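Scroll down for the structure; my scribbles are underneath it.
Please treat every number below as a calculation from the coordinates, not as lab data. Note that the coordinates shown come from a computational prediction; the quantities given were computed from them, not determined experimentally. Counting neighbours? That spans all protein chains shown, and the Cβs are built from the backbone with ideal geometry, glycine included.
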Protein chains: 2
Amino acid sequence: MKVLSFVGPSGSGKTSLIERIVPTLTDRGLRILVVKHALSFEIDREGKDSWRIFNAGVDVAIASKDKLAFVSRLGDDLDRICSIFYFYDLVITEGFNGACKDRIVVLRKPDEIERFKCGRVLAVVCDEDVEGFRTFRPDMIGEIAEFILNWFYEE
Amino acid sequence: MKVLSFVGPSGSGKTSLIERIVPTLTDRGLRILVVKHALSFEIDREGKDSWRIFNAGVDVAIASKDKLAFVSRLGDDLDRICSIFYFYDLVITEGFNGACKDRIVVLRKPDEIERFKCGRVLAVVCDEDVEGFRTFRPDMIGEIAEFILNWFYEE
């Protein structure tokens, strides 16, 4: 398994970029898990059976023929998450800046790069060139996907 | 890890029973995952980032400091689910009648038992006695929890 982070300021377009890139990666056969970091979130709906069970103090999964969901108190330790979901080829994180994994930094302005230099910056996505880094424009979806595939297979 | 199923007809009160029993079990230190079977479900909300990423064709997890959720295409193979989430002490299933695990059968009427005899019936929960089985009334929450703890530790 390899781990690649998309990091950058809030509102820089990380989700949209991931959403548009992953179809190309799955078409090439990669089994991908995207792990999104959030300050807090509520995925389930109050009153539903799964919500009631979770709020009774236990972790809960819901399974149907073609879907499995899971809501737990496991938290955001990225290495632990990767060890549980070891059967994916590639984990793409949105956020997790502090985990210092190989990363693509998504910026609105070049000078925002400073906060996101922990780990290895493979490339930057920005409307302007960012000195010292391979820079893609946000609409270069095919090129970014190829760049990720090269990184995945060649290193 | 041990696996215990709560099975019975729809509307017999399986969710309520599980919801009321699990606090006693977690108080005794058991790490519990409840796995609920559903014909189909939608846990996430249309338009949310995680929903968008899932609908782009990849599995998705959302992590915060104290919570981890996961929405995937893994499906409902119970043995596989147990192998992924091996770090719980007890998996309680709601449904999964066909998996034939040790079970507590929750019934509205005694003659409904026939469909739920696959696997080992540890006990029945019903307003009337069910011949040939240890029967609890639905409000005997403490007794049912103790019965489960005995099964968990003594076998």
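Once you have the Kirkwood Rh of the range A:61-105 from its Cα pairs, apply Stokes-Einstein at 4 °C and 1.567 mPa s and quote D in µm²/s.
103 µm²/s
Give the average, rounded to an integer, of partner chain Cβ atoms located within 10 angstrom of each Cβ in B:49-55.
Average per residue, whole number: 5.
Please report the base-10 log of the normalised intensity I(q)/I(0) for the range B:65-155, using a Debye sum with one equal scatterer per alpha carbon and no solvent, at each q in 0.18, 0.24, 0.25, 0.26 (1/Å).
Computed log10 I(q)/I(0) values: -0.93, -1.29, -1.34, -1.40.
Straight-line reach from A:LYS14: which lysines fall under 27 Å, measuring Cα to Cα and dropping same-chain residues less than 8 apart?
The reachable lysines, counting only those whose Cα sits under 27 Å from A:LYS14, are A:LYS2, A:LYS36, A:LYS67, A:LYS101, A:LYS109, A:LYS117, B:LYS48, B:LYS65, B:LYS67.
Restricting to DSSP loop positions (anything but H, G, I, E, B) with no more than 15 other Cβ atoms inside 10 Å of their own Cβ, which GluC sites (Glu not before Pro) remain in the range B:1-50?
B:GLU42, B:GLU46
Could you work out the mean count of beta carbons from other protein chains within 10 Å of each residue's beta carbon in B:80-92?
For this peptide, the per-residue mean of nearby foreign Cβ atoms is 3.
Which whole-percent values make up P(r) of the range A:1-134 when all C-alpha to C-alpha distances are grouped in 10 Å steps starting at zero?
Histogramming the range A:1-134 at 10 Å steps yields 11, 35, 33, 16, 5, 0 percent.
Please give the helix A:141-154 orientation as an angle from the longest Cα principal axis of chain A, in degrees from 0 to 90, rounded to the nearest 10.
80 degrees
Per-residue Cβ counts within 10 Å, from other chains only, averaged over A:6-17: what number is that?
1
Highest mean first, what order results for A:128-141, B:23-36, A:58-71 on Cβ atoms within 10 Å?
A:58-71, B:23-36, A:128-141
If you take the square roots of the eigenvalues of the alpha-carbon gyration tensor of the protein assembly as shown and sort them as a ≥ b ≥ c, do you get rounded (a/c under 1.5), prolate (a/b over b/c) or oblate?
prolate
Helix A:14-27: angle to the longest alpha-carbon principal axis of chain A, degrees 0 to 90, nearest 10?
Roughly 90 degrees between the two axes.
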